[in-house]
1. Within the stretch 57-66, track down each residue that is surrounded by fewer than 21 Cβ atoms within 10 Å (Cβ to Cβ) and either free of Cβ contacts under 8 Å to residues at least 60 places away in the same chain or not in a loop (DSSP other than H, G, I, E, B) (or both).
2. Is there a residue in the stretch 128-139 that is in contact with a Ser or Thr (Cβ under 8 Å, 6 or more places away or on another chain), part of a helix (DSSP H, G or I) and touching a residue at least 40 places away in the same chain (Cβ under 8 Å)?
3. Within the stretch 67-82, track down each residue that is hydrophobic (A, V, I, L, M, F, W, C) and exposed (fewer than 15 other Cβ atoms within 10 Å of the Cβ).
4. Would you confirm, using the coordinates I've provided, whether Ser88 is in contact (Cβ under 8 Å) with a residue 60 or more places away in the chain, surrounded by fewer than 22 Cβ atoms within 10 Å (Cβ to Cβ) and touching a Ser or Thr at 6+ places or on another chain (Cβ under 8 Å)?
5. Against the definition (at pLDDT below 95, among the basic types (Lys, Arg) and open to solvent by less than 70 Å² (accessible area, probe 1.4 Å)), how does Arg105 come out, yes or no?
6. Restricting attention to the stretch 126-143, report how many residues are under 23 Å from Ala58 (Cβ atoms) and surrounded by fewer than 17 Cβ atoms within 10 Å (Cβ to Cβ).
7. From Arg189, Arg123, which residue is of a type in the set (Lys, Arg), over 25 Å from Leu38 (Cα atoms), at pLDDT below 65 and open to solvent by 20 Å² or more (accessible area, probe 1.4 Å)?
8. If you go through the stretch 144-160, how many residues are among the polar types (S, T, N, Q) and buried (at least 16 other Cβ atoms within 10 Å of the Cβ)?
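The values are calculated or read from the model by the stated rules, or taken from the named source; none is laboratory data. Everything numeric here is computed off the predicted structure, so don't read it as measured data. Positions of Cβ are generated from backbone atoms using ideal geometry, with glycine treated the same way; all protein chains shown enter the neighbour counts. Each accessible area value is taken on the protein alone, full model and side chains, heavy atoms only, with ligands, DNA and RNA left out. Shrake-Rupley method; radii C 1.70, N 1.55, O 1.52, S 1.80 Å.
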Amino acid sequence: MVHEDRPDAPPHAAARRHHPGPEPLHQHRRLAMLRRVLNDDSLPLRARVAAALVLLYAQPVSRIVRLTINDVTDDETTLTVQLADPPSPLPDPIADLMRAYIRSRQHLPYGSSRSSQWLFPGRQPGQPMNPVSLQVHLSEIGVPPQRGRASAIRHLVLQAPALVIAKALDYHDKTTTRLITEAGGTWSRYAPGDH
């Protein structure tokens, strides 16, 4: 038996080790962050919207920056975001935040950003915001993107079957199944299909 922490272990032994993701936030901490994002008007609107997508829908910043204006649909009653198929509805407080953010895009400092189809346009014409830049913005407002996302997805897989969450949020079903097992959820024995 090879112990990976031994100095004489083969170099490929460390590659086989399972690296769990970042330690998720406690549920009450995640919800406190979400409340602050929704209510603190002193925070930048772009960061507030991105933080809500991380903390509520477990979206990685690399996916958030790839969203376009066309991924947001507003019929004046329901606002949805195309995270997967079908689109995900945003609850009213977050929908209101998204509406305000979309209206505010007319005041972006870069002219090319105002006409961009990216929901989070970057400084370079026609390019989305750099994911690292968005991570920095989130960290500056006190939202650790990876830990917030880990907390959100673990909470979601405890509420519904892993396959349902995977389809709704465009995650791989093996990822959500692993997370539900790690979180000790009861949905791990869910049999998908018509019942």
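1. The initial filter retains those residues of the stretch 57-66 that are surrounded by fewer than 21 Cβ atoms within 10 Å (Cβ to Cβ), namely 60, 62-63, 66.
Listed by number, the residues that qualify are Ser62, Arg63.
2. Looking for residues that are in contact with a Ser or Thr (Cβ under 8 Å, 6 or more places away or on another chain), part of a helix (DSSP H, G or I) and touching a residue at least 40 places away in the same chain (Cβ under 8 Å), one finds at least one in the stretch 128-139, hence yes.
3. If the condition is that a residue be hydrophobic (A, V, I, L, M, F, W, C) and exposed (fewer than 15 other Cβ atoms within 10 Å of the Cβ), then Ile69 is the only one that fits.
4. Values: in contact (Cβ under 8 Å) with a residue 60 or more places away in the chain: yes; surrounded by fewer than 22 Cβ atoms within 10 Å (Cβ to Cβ): yes; touching a Ser or Thr at 6+ places or on another chain (Cβ under 8 Å): yes.
Yes: the conditions hold for Ser88.
5. yes
6. Pass one, the stretch 126-143, residues under 23 Å from Ala58 (Cβ atoms): 128-143.
Among the residues that remain, those that are also surrounded by fewer than 17 Cβ atoms within 10 Å (Cβ to Cβ) are: 130, 132-133, 136, 139-140, 142.
Number satisfying all stated conditions: 7.
7. Only one candidate passes the filter, namely Arg189.
8. Kept after step one, since they are among the polar types (S, T, N, Q), are these residues of the stretch 144-160: 146, 151, 159.
Now narrow it down to the ones that are buried (at least 16 other Cβ atoms within 10 Å of the Cβ): 146, 151.
Of the residues in that region, 2 qualify.
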